[in-house]
Amino acid sequence: MPMNITVSNEEFPYILVDNFYDASELKEIWEELDYLCHPRRMARSSIENGAAWIGEDQLKYSWSMWLDDFFGPNKEKSNILCTNRKLFADMNMFQNHPHWAMNDVFSFQSYSTQIAYYEDNDEYKVHRDSAKLTCLTWFYREPKRYTGGNLRFPMWDIEIESKHNRVICFPSSVPHQVTKVSMEEKYRGKKLGRFVMTQFLDLAKNS
């Protein structure tokens, strides 16, 4: 299916892209997601592994890992870290956006990638990210075996469906949440839930 790009600057600036990765890129991504989605590699959200909290309220419930830390200096050995560079290969998509937060992407020098996996009852309550730009890409095995897990922007009552192979980029400071995921018991524990790849963009760490 052809790539489809939607640009919005009405309520808040964002870029939405459907069918972003092609079949060969998706094959590489799935090979790595299947390997990473294991308790020996992904950690469950908890206070020990840095899950987001506000006071005594835990915000994030999912499995997650930082891909850059996992591969360290050998990032070229990661299917995902090599493939997801595609998002910033063509800067026109960002520079043609009317909002500075998008068209100034070329000045961001710090990149990091997180992989998360959501199953039944998992969610991420309203929060902001500590970067300048957040880019999410969703993946799931088709047919879809869960409901919920959509991206919601509560200040504008906007909900974006977490479609497979869909990308959304928006300023990290915009409050957002992941709605609660529901799965039938027969589908749980089989990697049939909601995967999300988050690419964070920021200024240079030493700036």
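The values are calculated or read from the model by the stated rules, or taken from the named source; none is laboratory data. These numbers were taken from a predicted model, which means no experiment stands behind them. Cβ coordinates were reconstructed from backbone atoms using ideal geometry, including for glycine residues, and neighbour counts include every protein chain displayed. To get the accessible areas, we keep the full protein, side chains included, count just its heavy atoms, and leave off ligands, DNA and RNA. Shrake-Rupley method; radii C 1.70, N 1.55, O 1.52, S 1.80 Å.
Do the sum for the chain: with -39,500 (n - 2.57) for every DSSP H run of n ≥ 4, divided by all residues, what is the mean residue ellipticity at 222 nm, to the nearest 500 deg cm²/dmol? Let's see the in-between values first.
Working: 5 runs with 32 residues, N = 207.
Only helices count here, giving -3500 deg cm²/dmol.
On a 1.4 Å probe surface of the protein chains, which of 14, 21 comes out largest in accessible area, and what is the full order? Don't skip to the end; give the middle numbers.
Working: 14 30, 21 10 Å².
Descending accessible area places them as 14, 21.
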- For the chain, just give the cysteines left without a disulfide-compatible partner, judged by no other Cys Cβ under 4.7 Å. 37, 82
- At a probe size of 1.4 Å, how large is the accessible area of residue 128, to the nearest 10 Å²? 150 Å²
- Determine the order of 85, 152, 188 by accessible area, beginning with the largest, at a probe radius of 1.4 Å. 85, 188, 152
- Distance histogram in 5 Å bins (all Cα pairs of the chain, percent per bin): 1, 7, 15, 20, 22, 19, 12, 4, 1, 0
- Message: About the Cα centre, and with charges only on the beta carbon of Lys, Arg (+1) and Asp, Glu (-1), how big is the dipole of segment 139-203? Nearest 20 debye, please.
- Response: 440 debye
- Item | Cα-based Lys proximity count in segment 119-207, under 28 Å, for pairs eight or more positions apart or on separate chains | 21
- Query: So what's segment 1-112 giving for Cα Rg divided by 2.2 N^0.38 Å, two decimals?
  - Reply: 1.29
- Task: Mind ranking 16, 33 by accessible surface for me, highest first, 1.4 Å probe?
- Result: 16, 33
- Item | Protection proxy ranking of 92-100, 4-12 - average other beta-carbon atoms within 10 Å, highest first | 92-100, 4-12
- Query: To the nearest 10 square angstrom, how much accessible area does residue 147 have with a 1.4 angstrom probe?
  - Reply: 90 Å²
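With charges only on Cβ, +1 for K and R and -1 for D and E, what is the dipole size of segment 89-174 about its Cα centre, in debye, rounded to 20?
Charge dipole, segment 89-174, about its Cα centre: 60 debye, nearest 20.
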- Take the eigenvalues of the Cα gyration tensor for segment 82-171, scale each by 5, and report the square roots as semi-axes in whole Å, largest first. 25, 16, 13
